[in-house]
Amino acid sequence: MTSSTTFHLISARLRSGSWWFRSSDGRLTLWQWPNPALCVWMVAVVLGWFELSATHATAVDGVRHGALLVWALDEVVRGASPFRHLLGAVILAAQLVSLVLG
């Protein structure tokens with residue numbers, strides 16, 4: 001196989017919507033249940049809607065950021081599809097920027 005042929009095969013795969021959303025065994029993988037880190041994040045988001053003391057609000061905010069960081073890192077490392085790897089990387093970068101900028 002020539003490098004030109006390889007390039008065209010890779011290019012075709014990247015343009016394929018199916019490739020982005022399927023695991024290596026061909027299953028469609030957008031969401032996998034249970035996802036503990038996302039569940040913790042969702043609970044922390046809901047708790048953040050309530051009137052909390054400054055101390056509790058800070059704790060809930062820390063848990064919210066931490067859970068999303070854990071989820072994103074897990075997706076980057078073990079994501080089931082290329083889309084999930086990419087989504088994890090984007091969320092991880094956004095969370096790190098958010099934490100740095102305060």
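The values are calculated or read from the model by the stated rules, or taken from the named source; none is laboratory data. In this text the structure is predicted, and so the values were computed from the model without any measurement. Note that we place each Cβ from the backbone using ideal geometry, even for glycine, and neighbour counts take in every protein chain shown.
Observations on the model:
- Candidates ARG13, ARG64, filtered to the one that is assigned to a helix (DSSP H, G or I), modelled with pLDDT under 90, touching a helix residue (DSSP H, G or I) at 6+ places or on another chain (Cβ under 8 Å) and among the charged types (D, E, K, R): ARG13
- All of TRP71, TRP49 fail the test of being closer than 26 Å to SER18 by Cα and either crowded, with 16+ Cβ neighbours inside 10 Å or out of contact with any helix residue (DSSP H, G or I) (no Cβ under 6 Å at 6 or more places or on another chain) (or both), apart from TRP71.
- Each residue in the stretch 44-61 was checked for being farther than 19 Å from LEU92 by Cα, assigned to a helix (DSSP H, G or I) and among the aliphatic types (A, V, I, L, M), and 5 pass.
- Restricting attention to the stretch 84-102, the residues that are within 21 Å of LEU28 (Cα to Cα) and either buried (at least 18 other Cβ atoms within 10 Å of the Cβ) or touching a strand residue (DSSP E or B) at 6+ places or on another chain (Cβ under 9 Å) (or both) total 2.
- So ARG78, is it at pLDDT below 95 and surrounded by 10 or more Cβ atoms within 10 Å (Cβ to Cβ): yes
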